[in-house]
Amino acid sequence: MVKLLIADDDIELCQLLQEYLTQEGFEITLAHDGGSAAKLILNDTFDLMVLDVMLPNMNGFDVLKEVRKESQVPILMLTARGDEIDRIVGLELGADDYIGKPCNPRELTARIRSILRRTETDYSRQKKKLRSIHLDDLYINPGSREALVNNEAIKLTATEFDILYLLANQAGELVKRDDLSEKCLGRSLEAYDRSIDMHISNLRRKLGTDIKGEERIKTVRGVGYQYVSHDT
């Protein structure tokens, strides 16, 4: 059974989500403060965490920072609806995606399933059928979901890995932001949505420059992105 950790100090909301998600086949653990959430996620095995920004004791951003030091477990942030700053900060710190509060339990479930499809065991087996990619000093193994630069493993979230694989698999070609969102976030790109842009920014920072000291991922303003390879 898929195990989820929900970290939110709204006890009534947590109970509602627990009841709904349990009926959807998930095993739910609740945490009502940041300290408890960080301890649970780092000391137990969960498939995904739903993390509210506004938590007592330790806010959601601090929890996210602590978790990302040790784990790439998928994290879906709960942010105030329309609060662009919280969304940007969450994505910068390594969240896989976000959803605004108050959220519809059905929409939340869809977001959770979308993220899990990219990380769960059965889906990983399907990934093994995809080709490995070797471009210049970059090597990507879709079976193990590993990315290496100069033979050194790069820690990537599930979303970052999928974006990198898609771009590298079409190296030299333009990939539209809409396509990246549909295929890597499992949802349509919303107006003024900067999720893909923030994930690209994280990838650039983690991967560093290419063998010529240039950006690996080129921005085609207003349209999308292109992975630049000197092998192509």
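Among the listed pairs LYS155/LYS206; LYS65/LYS155; LYS3/LYS101; LYS39/LYS155; LYS69/LYS155; LYS39/LYS206, which have their C-alpha atoms separated by more than 18 angstrom in this model? Correct reply: LYS3/LYS101; LYS39/LYS155; LYS39/LYS206. The relative contact order of region 3-117, computed from alpha carbon pairs under 8 Å that lie at least 6 residues apart in sequence, is 24 percent. Packing here is the average count of other Cβ atoms within 10 Å per residue, and on that basis the peptides 146-155, 65-74, highest first, run 65-74, 146-155.
If we sort 90-101, 209-220, 28-39 on the protection proxy, mean other Cβ atoms within 10 Å, highest first, what's the order? List each step's numbers first, then the result.
Details: 90-101: 21.6, 209-220: 13.9, 28-39: 19.5.
Packing proxy ranking, top to bottom: 90-101, 28-39, 209-220.
Cross-link partners for LYS218 among the aspartates and glutamates, with Cα-Cα distance under 13 Å and sequence neighbours closer than 8 places in the same chain left out: GLU173, ASP197, ASP210.
Each residue of region 129-227 gets 95 Å³ once the volume of the Cα convex hull is shared out per residue.
Each helix, a run of at least 4 DSSP H residues, gives -39500 (n - 2.57); summed and divided by the residues of the chain, these come to -12500 deg cm²/dmol at 222 nm. Ratio of Rg to Rh for the chain: 0.97 [Cα atoms; Kirkwood radius as inverse mean 1/r over pairs]. From the alpha carbon centroid of region 152-221 to that of region 84-105 is 18 Å. Label positions at GLU84 and VAL2, each projected 7 Å from the Cα along the C-beta direction, are separated by 3.1 nm. In region 3-117, one over the average inverse separation of all distinct C-alpha pairs is 13.7 Å, which is the Kirkwood hydrodynamic radius.
Principal-axis analysis of the Cα atoms of the chain puts helix 11-23 at an angle of about 70° to the longest axis.
Please give the helix 60-70 orientation as an angle from the longest Cα principal axis of the chain, in degrees from 0 to 90, rounded to the nearest 10. It works out to around 50 degrees. In degrees between 0 and 90, to the nearest 10, how far off the longest principal axis of the chain does helix 195-207 point, with axes built from Cα atoms? For 195-207 against the chain, the angle is about 60 degrees.
Laboratory data are not the source of any read-out in this text; all were calculated from the coordinates shown. Predicted model only: the values in this text are computed from it and were never measured. Backbone-built Cβ (ideal geometry, glycine too); neighbour counts: all protein chains shown.
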